[in-house]
Every structure is written in structure tokens, then in C-alpha cells.
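Novice: The structure that follows is given in the form of C-alpha cells.
Values quoted throughout were computed directly from the atomic coordinates according to the rules given, and no laboratory measurement underlies them. In this text the structure is predicted, and so the values were computed from the model without any measurement. So basically every Cβ, Gly included, is an ideal-geometry build from the backbone, and we count neighbours across all protein chains shown.
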Amino acid sequence: MSYYKILGLSDEPFSTSPDPSFFYLSKQHKAALTRLRIALNLKRGLSIIVGDVGTGKTTLSRKLSQVLREEPDVCFHMVLNPYFKTQKQFLSRLVALMHAPVDPKKTSGLDCIEAIEQFLYKTGVQERKRVILLVDEAQLLPDYVLEILRILLNYETNEFKILQLILVGQLELIPVLSKMPNLWDRIALKCVIKPLDVDEAREMIHFRIQQAGYQGGGLFTDGAVRAIHEYTRGYPRQMSMVCHNLLETAVMQDKRLVDEALVRDVTAADLRPQVPQAGGLPDVF
């Protein structure tokens, strides 16, 4: 029997997979999601979401994908692995994602760009749909791919940008984009996702065990939550890993409550490097 069933849970509460149903929307995540929805509705063009490793950026993008795919006027595509060796490889990927019509005998980079342009015009202008492309781990994008994206952002009517582009990445994305003024100036929305504070950490833990079917009063004491937050600095992914280990250990020790002493014991034996303190990050940049 799985440890979580012993504790009265129907599902694993602290998986690190980006499951939108287990995604705790903190105030900043809600703000980022709301601002993204507004930018997309207004067809502003380029939006940037950045944050340190483990702050919930990928899960936020999955949540956005879940919401947008339910809207009939949206044509939504995601690029999860942004490593492309050549321009042609990236353009071929976009053509395949968008099902843009390309003559098999004409597959040059220019042919692909023209096919994508035709797709954008047909879908975004004639059919009046919002064409949205989200790129995760965007800090890995090579300069020649960013240049292609800049070109695609040039497609617009008198009223709106035809392509809505969302770049989600780590903080290294900021200096990469700032070195490209002709792309940086096109950014309509800039958000930084920060770690959770201690109250949000408590809410996240409570939310995830409730989502996993827990019916009791609580599995973590306030002291345990404070110790978890102190150790992880409020990074959601690290919190999930630690909480998973804590519940497993509690079951092995025949405990039904995680207290501060258990947190201290488990984290003292944790071989993972402790997350550094994040500081000085603005909400926008």
C-alpha cells in the first residue's frame, strides 16, 4: 500500500510533476495568470514570465494551457524543449505544430516562414482566433530562434498583434533579451515569480493534501510548516520534495502528524543542496 493511502489520502499530494489540479495559486501566481489573460485578450504580442528554478513557472504554464484550451477562439501551441540546432529545425517544428500548409517540394526556411505567415493570417485575421505560442525554458533559446520570433511578432493588423508569444524561463532569460533591443522593446508584459512566504507555504501544503483527498484536521503542525519554509526558502518544488519525504518518514515511524522535530531530523539527513536565499527580485523588470 502506498504511504499516502495509509494517511487517508487518495492520491500522492506532493508529486513534482506539473499537474495543474495540484497547483497552488499564490497571490503572485494569480496575478501573473490574470495579467497574462488580459495581455492575450488584448492581443498585445510578447509576454515574459521568469523566475528561479522551482518557483512554479512550468506548472503555471500548464494551468494556463488548461484554461486556454477550453476557449473556442484560441489556437494554442506549446514548445517544451526549446533546444534547436538550426533555424530550419525550429521553423519545421512550428510548421508541424501549427499544421501550416507547406509544399513538400519547398521546405526551405523561407518557405516555412511564408507558410507560418499564411497560417497566422488565416487563423488570426480571417477566423479571428487568438494564436498563442508558449515556449518553456526559453532561456535556452539560441539567438537565431529569438530573431525568428521577433520576425513573427512583426505580423500585425492596425489593431492587434496576430501572434501572441509567451516566453517562460529562468532568470538568465532577462540578460539574453536585454541584449536584443529590437525584441526587448516588444515585450508587453514582464513578470517575475518569487518563492512563497510562510503563510503561502502553509496554504500550499494544506491545499495539496486537500486535493489529494485528506479529510482530517491537518498533517503538518505550524512549527513543521515554519521549519519547512525555513529550509526550502519557500520554493514550491523543494517544498514538495521535502513534504513527500516527511510523509514517507512519518508512516515508517508510525506517526500520523508531521511536527517540527521530524522536519529537523529529515532535513538534517537530506543530501540535496539547500536552496539559496532569493533576494532583490522585482515583480517586474
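Novice: Would you mind checking which residues have amide H under 5 Å from I166's amide H? H placed 1.01 Å from N; only 5 or more apart, or other chain.
Specialist: S47, L133, L134, V135
Novice: Next question. Output the 0 to 90 degree angle, nearest 10, between the alpha-carbon long axis of helix 198-211 and the longest principal axis computed from the alpha carbons of the chain.
Specialist: Tilt of helix 198-211: around 90 degrees.
Novice: Round to the nearest 10 and give me the degree value, 0 to 90, for the angle of helix 87-98's Cα axis relative to the longest principal axis of the chain.
Specialist: 80 degrees
Novice: Could you tell me, in Å, what Rg and Dmax come out for the Cα atoms of segment 27-193?
Specialist: 15.2, 51
Novice: Pop a pseudo-label 7 angstrom from the Cα along the beta-carbon direction at both E156 and K85 and give the gap in nm to one decimal.
Specialist: Going from the E156 label point to the K85 one covers 3.6 nm.
Novice: Given a cut-off of under 8 Å on Cα pairs at least six residues apart, what relative contact order in percent is computed for the chain?
Specialist: Relative contact order comes out at 27 percent.
Novice: Fully extended, how many nm does the chain gain between R226 and L257 (0.36 nm per residue separation, minus their Cα-Cα distance)?
Specialist: 9.7 nm
Novice: If you don't mind, there's one more thing I want to ask. With runs of 4+ DSSP H residues as the only contributors, calculate the mean residue ellipticity of the chain at 222 nm using -39,500 (n - 2.57) per run, divided by the residue total and rounded to the nearest 500.
Specialist: Details: 12 runs with 127 residues, N = 285.
After summing the helix terms and dividing by the residues of the chain, the value is -13500 deg cm²/dmol.
Novice: Which peptide among 84-90, 189-195 comes first, and what is the full order, when sorted by highest mean count of other Cβ atoms within 10 Å? If you can, show how the numbers build up before the last one.
Specialist: Working: 84-90: 14.7, 189-195: 20.9.
Highest-to-lowest ranking by the protection proxy: 189-195, 84-90.
Novice: Would you kindly derive the ³J(HN,Hα) couplings of segment 43-60 from the backbone phi angles with the Karplus curve 6.51 cos²θ - 1.76 cosθ + 1.60 (θ = phi - 60°), listing them in order in whole Hz, with x for Gly and Pro?
Specialist: Once rounded to whole Hz, the list reads 6, 7, x, 9, 10, 10, 10, 10, x, 5, 4, x, 8, x, 5, 5, 5, 4.
Novice: Mind checking the full-extension length gain between V67 and L97? Use 0.36 nm per residue of separation minus the Cα-Cα distance, one decimal, nm. Show your work: numbers first, answer last.
Specialist: On the way: separation 30, 0.36 × 30 = 10.80 nm, distance 1.91 nm.
Value of the extension gain: 8.9 nm.
Novice: Going by Cα centres, segment 77-142 and segment 52-75 are how many Å apart?
Specialist: Spelled out, the Cα-based centre of one part sits 19 Å from the other.
Novice: Separate question: Give the calculated FRET efficiency between S21 and N182 to the nearest 0.05, with a Förster radius of 41 Å applied to their Cβ-Cβ distance.
Specialist: Using R0 = 41 Å, I get an efficiency of 0.55.
Novice: Label points 7 Å out from Cα along the Cβ direction at V198 and E248: separation in nm?
Specialist: 2.8 nm
Novice: Mind sorting H99, H206 by how few other Cβ atoms lie within 10 Å of their own Cβ, fewest first?
Specialist: Least crowded to most crowded, the residues run H99, H206.
Novice: Follow-up. Using the Karplus curve 6.51 cos²θ - 1.76 cosθ + 1.60 with θ = phi - 60°, what ³J(HN,Hα) values do you get for each residue of segment 235-242, in whole Hz, with x for Gly and Pro?
Specialist: 7, x, 5, 5, 4, 5, 4, 5
Novice: Got a sec? Which residues in segment 61-97 would a label at Y144 touch, if it sits 7 Å along Cα→Cβ and we count backbone N under 14 Å?
Specialist: What the label zone holds, given the 14 Å backbone N cut-off, is 83-93.
Novice: If you don't mind, there's one more thing I want to ask. Relative to the longest principal Cα axis of the chain, at what angle does helix 109-120 sit, 0 to 90 degrees, rounded to 10?
Specialist: Orientation of helix 109-120: about 80 degrees from the principal axis.
Novice: Can you pull a Stokes-Einstein diffusion coefficient for the chain at 4 °C (1.567 mPa s), Rh from Kirkwood over Cα pairs, as a whole number of µm²/s? Present the calculation step by step, with values, prior to reporting the outcome.
Specialist: Values: Rh = 20.7 Å.
So the translational diffusion coefficient is about 62 µm²/s.
Novice: Shifting gears a bit: Only bridges whose two residues both fall in the chain count here: according to DSSP, what percent of them are antiparallel, nearest 5? The partial results should precede the final answer.
Specialist: Working: 1 of 24 bridges.
Around 5 percent antiparallel, to the nearest 5.
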